Amino acid sequence: MRAKPLISSVILLGLIAAGYTAWWFYLAGRVRDGIADWVAQQRAEAALIEYRDLEISGFPLSLTASAADVSIRRADGLQWRGPSVIARARPWYPLDIGVELPGSHQAGLVQEGGEPTFAIDAPAGARGSVELEHSGAVRRMTADLGRSTVTLPDGQQASLGRAELAAAFPETPPADHTATALSIDARLTGVRPPPSVKTPLEGDIETAAVTARIKGALPDRLGRPAIAAWSESGGTIDVDSLTLNWGPLRIAGQGTLAFDGDLQPIGAISAAVEGVNPTMDSLATAGMVRPGDAAMAKMALTLLSRRSTPDNQPIVEASLTAQDGWLYFGPIRLLRIPRVSWE
């Protein structure tokens, strides 16, 4: 009589194991089909996607998709390539995916003539995650890059100690320009400007961080027509938090950014700024502001301050304004903003 419960347990465990195995292989097939459908959709939109050795593995505790020599080139100039891509999920919750990019990876935006306008090289790879809705739509994405090199439009290179990025999408796309289409949280540390660029402050930028919401229907391409259509329909970027720590300079603020009719940045950030006096001295030393203007600015900004740091440095609360190609701090014109080229 005692054998019957044991036999029943063995049969039950066998059924559970068979059901789980069937579930894993069903998910593996869905993953393979999903990748094929996505590639076909991108290729239909004139994207060139290449890869080899696509493999679905990890049974029984992981659902792992991997491919080698992956490269993507989109019609709008966005490119990315790397030696390997690995994505892992738990079979019992396949909507939360961890992504690894081992080896050296390169991404960038390339002009029609073939010259890169912006590129990033991560020699030690990166890692991140993707969270999906049950519908398959992306809910949230993250990326964590180690030390990397950024090539700017003029060919000069800056370096990053680390870059952490997160993007979240709403459940439903925005119906108009007042609704959020994308939330972004970005944090850069150890930013070293190009050696040949004259900067107002010495040393690396310790921290540059922003939390923002892009409002209005997102453009499906990065070219000028799509960005212009988004801007003309009322699209803006609400900056919920902006932080910059660079030498003696400390900035914390929030505000709104947009583009003017020529697609150049405009907007205003209400900011609390520490280190005004040494920063103005550095601007004057670097030849970016005339010494007399720097002295006047220090006096004017000190009058605007209502608080001070423990070492009696003024904390100035005023607007950082981008307008007509210039950056203003309160009533004082500081720096010319580099022109954005969309060609």
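Since every read-out is calculated from the coordinates, none of them should be taken as a lab result. Owing to the predicted nature of the structure, the values given are computational and were not obtained by experimental measurement. Don't worry about glycine lacking a Cβ; one is built from the backbone with ideal geometry, like all the others, and counts go over all protein chains shown.
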Can you tell me which residues in segment 49-68 are out of contact with any Asp or Glu (no Cβ under 7 Å at 6 or more places or on another chain) and polar (S, T, N, Q)?
Ser57, Ser62, Thr64
Sole miss for Ala137 among (1) surrounded by fewer than 14 Cβ atoms within 10 Å (Cβ to Cβ); (2) more than 23 Å from Pro219 (Cα to Cα); (3) not basic (Lys, Arg) is condition (2)
Out of the residues in segment 230-257 meeting the condition of being surrounded by 15 or more Cβ atoms within 10 Å (Cβ to Cβ) and among the small types (Gly, Ala, Ser), tell me which one is farthest from Ile214 (Cα to Cα).
Gly247
In segment 281-293, anything surrounded by 15 or more Cβ atoms within 10 Å (Cβ to Cβ) and farther than 16 Å from Trp326 by Cβ is listed as Asp281, Ser282, Ala284
Just one of (1) farther than 30 Å from Trp230 by Cα; (2) buried (at least 16 other Cβ atoms within 10 Å of the Cβ); (3) not charged (D, E, K, R) trips up Val150, so point out which.
(1)
Mind listing whichever residues of segment 39-74 are outside any strand (DSSP E or B) and touching a strand residue (DSSP E or B) at 6+ places or on another chain (Cβ under 9 Å)?
Val39, Gln42, Arg43, Ala47, Gly58, Leu61, Ser62, Arg74
Counting only residues that are in a strand (DSSP E or B) and out of contact with any Gly (no Cβ under 8 Å at 6 or more places or on another chain), how many does segment 129-158 have?
12
